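Below: the structure, in structure tokens.
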Amino acid sequence: MGQRWISLSGEVSSFTAANSIFPDDHLAIVTLTILDATGASGQIAGRIAALLFSGTDKATDAATAQARL
């Protein structure tokens, strides 16, 4: 992706969480799952980030810019 990012993840009692922060883009992605001992929340956050930073057309770029406000 090429963006600077900070990430934190963890799990407790059958729940997993991931928090990915992209400070230069003023964007954060938080995912919570009800899955024990899996990397699902990090994988989901990674896929969302890939979608947000893969602007392929003007409508997508405009929607992404609006979402970042």
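The values are calculated or read from the model by the stated rules, or taken from the named source; none is laboratory data. Bear in mind that the values here come from a model prediction, so they are computed numbers and not experimental data. Cβ sites come from the backbone with ideal geometry, for glycine too, and all protein chains shown count toward neighbours. These accessible areas exclude ligands, DNA and RNA; they are computed on the full protein's heavy atoms, side chains included. Shrake-Rupley method; radii C 1.70, N 1.55, O 1.52, S 1.80 Å.
Considering only the stretch 1-44, state which residues are aromatic (F, W, Y), under 12 Å from the mean Cα position of the chain (by Cα) and in a strand (DSSP E or B).
First, pick out the residues of the stretch 1-44 that are aromatic (F, W, Y): 5, 15, 22.
Narrowing further to those that are under 12 Å from the mean Cα position of the chain (by Cα): 5, 22.
Within the stretch 1-44, just F22 meets the criteria.
With the requirement that a residue be out of contact with any Gly (no Cβ under 7 Å at 6 or more places or on another chain) and exposed (fewer than 13 other Cβ atoms within 10 Å of the Cβ), what does the stretch 49-63 give you? I'd like the intermediate steps shown before the answer.
Within the stretch 49-63, the first condition is being out of contact with any Gly (no Cβ under 7 Å at 6 or more places or on another chain), and the residues that meet it are 49-60, 62-63.
If the condition is that a residue be out of contact with any Gly (no Cβ under 7 Å at 6 or more places or on another chain) and exposed (fewer than 13 other Cβ atoms within 10 Å of the Cβ), then A50, L51, S54, T56, D57, K58, A59, A62 are the ones that fit.
Go through S7, S14, S54 for me and flag whichever is touching a strand residue (DSSP E or B) at 6+ places or on another chain (Cβ under 8 Å) and of a type in the set (S, T, Y).
Every option except S7 fails the conditions.
Just for the stretch 2-44: of the residues that are among the small types (G, A, S) and within 18 Å of T64 (Cβ to Cβ), which one is most open to solvent (accessible area, probe 1.4 Å)? Show your work before the answer.
Start the filter on the stretch 2-44 by keeping residues that are among the small types (G, A, S), which leaves 2, 7, 9-10, 13-14, 17-18, 20, 28, 37, 39-42.
Now narrow it down to the ones that are within 18 Å of T64 (Cβ to Cβ): 2, 20, 28.
Working: G2: 83, S20: 13, A28: 64 Å².
Looking at the filtered set, the residue picked out is G2.
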